[in-house]
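The values are calculated or read from the model by the stated rules, or taken from the named source; none is laboratory data. Predicted model, so just to flag it, every value in this text is computed and none were measured. Here the Cβ is made from the backbone with ideal geometry for all residues, glycine too, and neighbour counts use every protein chain on show.
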Amino acid sequence: MNLMYQSTRSNSEPITASQAILKGLADDGGLYVPVSIPTLEIPVTQLSKMTYQETAYEVMKLFFTDFSEEELKTCINRAYDDKFDTKEIAPLVKADGAFYLELFHGATIAFKDMALSILPHLLTTAARKNQVKDKIVILTATSGDTGKAALEGFADVEGTKIIVFYPKDGVSPMQERQMVTQKGDNTYVIGIHGNFDDAQNGVKAMFNNKELAADLKEKGYQFSSANSINIGRLVPQIVYYVYSYAKLFENGEIREGEKINVVVPTGNFGNILAAYYAKSMGLPINKLICASNENKVLFDFFQTGIYNRNREFILTSSPSMDILISSNLERLIYQIADKDADKTLAMMKALGTSGEYGITEEMKAQMKDFVGGYASEKETAETIKKLYEKTGYVIDTHTAVAASVYESYITVADDKTKTIIASTASPYKFTRSVMNAIDSECNHLSEFELVDELSKRSNTAVPAAIEDIRFAVILHDAICDKDKMQETVEDILK
Ligand SMILES: *Cc1c(COP(=O)(O)O)cnc(C)c1O
């Protein structure tokens, strides 16, 4: 029996995993969720002997049940290969009492690679399985990291085009440089005058535009999404929680069945939702600690039960978390609303019209395993500096938000549970902010001088992803207004 997928916004006919991956977003604007979360039956003693790729298969086969073993294993082996600079794929580093789960060893040195290196393979396999003849157009909004990881994943993949929109003044210099130097005949990168939410709303509007879809169908195109609204992004992110738990066990850090905490620097709520799914599968996780930067909509939501996006959008040193509409929260809302699509739809409608919605006390009670926290810009910088001075280990700004929130949490909660902190980007991706935190005297240096300085001080090699863009040619310079995104897409596809 296949595990089927249902929209969070209506009770339309459930579809298979491969169909859900192809579609990205449901026709009613909802997100696809599995009708039930499968249980991880395999004991940790066995998991602890597995490679990342083997673990990935054990997890993904439970969700993507209409893929054959061979199809799934091919996707996995093509994704998690020597594009990653370590055989472990997602290594754990112990520093100052916590375990940093380094998710930035892929091609674009941010955690988005964990899912976006496999999504193109899942998608092209899904297209084949469903006899799709159209060219697939991947439309993506990015707060900086998804864009490059998706471009890298889809560049020159036959039967696809990829179009990425990013906030022109809302990403780090390295993030922008990575994107605008992207090679591949099927890649398009466009800066918009607006922020990430504008980009995401524009993309969602195109997905929901039936006329546009019909028009494109005639030209032989169909849209899909590389954003974490695609279930094909979410499931691969469950893998590293299972894998790292098994590694903690193997290294003698925890007993079988011992619970751990997970701290996740959060923006669109995709990464932490994957941890929640892992917990729902039976992985012994105690608290899911959701760390926000100064755009602390989620922190307020966990405090009050009210989600309110009516506030100033703040540009911070952790731009990949500069988000006021966390799309994947909808999947949690649906879950805690007892899978009531009408209720979920009403709340999402309210978010669209008035910019806020509230949940009931019963719903709030179901989120008791989540802890919300946030870090100010100052706390984030101090955390980088303190950890560096104490241990020599350098973390990026996003990871520092999580580390700072974790520190406040243990001070208040006096919780000694072993804890994994998701380390979502290499410090080399946010060099200026990181070096500024460590030593503000360096601020006069150029972007790449800072890279070399960081390498010297942290005693780590400059990642290939950074060396590659040091002298790369700029290939994309398109810019458009936030209300011209559709015209831009039509222009590309005409
Ligand atoms: C995308 C991103 C995040 C936020 O992850 P979500 O799944 O959107 O919550 C955090 N840190 C970095 C470096 C990212 O690229």
Residue list for segment 193-228, restricted to those being closer than 23 Å to residue 270 by Cα, away from the ligand (no atom under 16 Å from the Cβ) and touching a strand residue (DSSP E or B) at 6+ places or on another chain (Cβ under 7 Å) = 194, 198, 202, 206, 207, 223, 224
Restricted to segment 298-328, and to residues that are within 15 Å of the ligand (Cβ to nearest atom) and among the β-branched types (Val, Ile, Thr), which residue is farthest from residue 110 (Cα to Cα)?
-> 325
Long-range neighbours under 7 Å by Cβ, at least six apart or interchain, first residue modelled with pLDDT of 95 or more within segment 328-341, second within 16 Å of the ligand (Cβ to nearest atom) and in a helix (DSSP H, G or I) = 328/270; 328/273; 331/273; 332/273; 332/276
Do we find a residue being within 13 Å of the ligand (Cβ to nearest atom), more than 16 Å from residue 331 (Cα to Cα) and touching a residue at least 24 places away in the same chain (Cβ under 8 Å) anywhere in segment 248-263?
-> yes
Extreme residue, farthest from residue 124 (Cα to Cα), among residues of segment 18-37 that are small (Gly, Ala, Ser) and touching a strand residue (DSSP E or B) at 6+ places or on another chain (Cβ under 6 Å) = 30
Inside segment 477-494, can you point out the residues that are outside any helix (DSSP H, G or I) and crowded, with 17+ Cβ neighbours inside 10 Å?
-> 480
If only one of 358, 373 is more than 23 Å from residue 110 (Cβ to Cβ) and in contact (Cβ under 8 Å) with a residue 12 or more places away in the chain, which one is it?
-> 358
How many of the residues in segment 138-187 are surrounded by fewer than 22 Cβ atoms within 10 Å (Cβ to Cβ), within 16 Å of the ligand (Cβ to nearest atom) and farther than 19 Å from residue 107 by Cα?
-> 0
Is there a residue being within 26 Å of the chain's Cα centre (by Cα), in a loop (DSSP other than H, G, I, E, B) and in contact (Cβ under 8 Å) with a residue 12 or more places away in the chain anywhere in segment 435-448?
-> no
Are any of the residues in segment 15-24 over 18 Å from residue 278 (Cα atoms), of a type outside the set (Lys, Arg) and at pLDDT below 95?
-> yes
Has segment 154-167 got any residue that is closer than 17 Å to residue 268 by Cβ and among the aliphatic types (A, V, I, L, M)?
-> yes
Scanning segment 412-449 for residues that are hydrophobic (A, V, I, L, M, F, W, C) and either within 14 Å of the ligand (Cβ to nearest atom) or crowded, with 22+ Cβ neighbours inside 10 Å (or both), the one farthest from residue 261 (Cα to Cα) turns out to be 435
Which members of segment 310-323 meet the condition of being within 22 Å of residue 367 (Cβ to Cβ) and either buried (at least 20 other Cβ atoms within 10 Å of the Cβ) or among the small types (Gly, Ala, Ser) (or both)?
-> 321, 323
Unique match (being under 18 Å from residue 186 (Cα atoms) and acidic (Asp, Glu)) among 490, 447, 467 | 490
Hey, any hits in segment 377-393 for a residue that's over 19 Å from residue 315 (Cβ atoms), within 14 Å of the ligand (Cβ to nearest atom), crowded, with 24+ Cβ neighbours inside 10 Å and modelled with pLDDT of 95 or more?
-> no
Applying the selection to segment 264-291, what residues are in a helix (DSSP H, G or I) and within 13 Å of the ligand (Cβ to nearest atom)?
-> 270, 271, 272, 273, 274, 275, 276, 277
Given (1) touching a Phe, Trp or Tyr at 6+ places or on another chain (Cβ under 7 Å); (2) surrounded by 18 or more Cβ atoms within 10 Å (Cβ to Cβ), number of the condition residue 59 does not satisfy = (1)
Being more than 16 Å from the ligand (Cβ to nearest atom), in contact with a strand residue (DSSP E or B) (Cβ under 8 Å, 6 or more places away or on another chain), farther than 30 Å from residue 206 by Cβ and among the charged types (D, E, K, R) narrows it down to one of 94, 135, so name that one.
-> 94
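Please find, within segment 14-40, the residue that is surrounded by the fewest Cβ atoms within 10 Å (Cβ to Cβ) out of those that are over 21 Å from residue 129 (Cβ atoms) and touching a residue at least 40 places away in the same chain (Cβ under 8 Å).
Step by step, filter segment 14-40, then rank; the result is 39.
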Taking residue 222 and the conditions (1) at pLDDT 95 or above; (2) not in a loop (DSSP other than H, G, I, E, B), which numbered condition does it fall short on, given that it satisfies the others?
-> (1)
Please identify the pairs in which a residue from segment 267-286 that is under 16 Å from residue 31 (Cβ atoms) has its Cβ atom under 7 Å from the Cβ atom of a residue that is β-branched (Val, Ile, Thr) and in a helix (DSSP H, G or I), counting only partners at least 6 apart or on another chain.
-> 274/238; 277/238
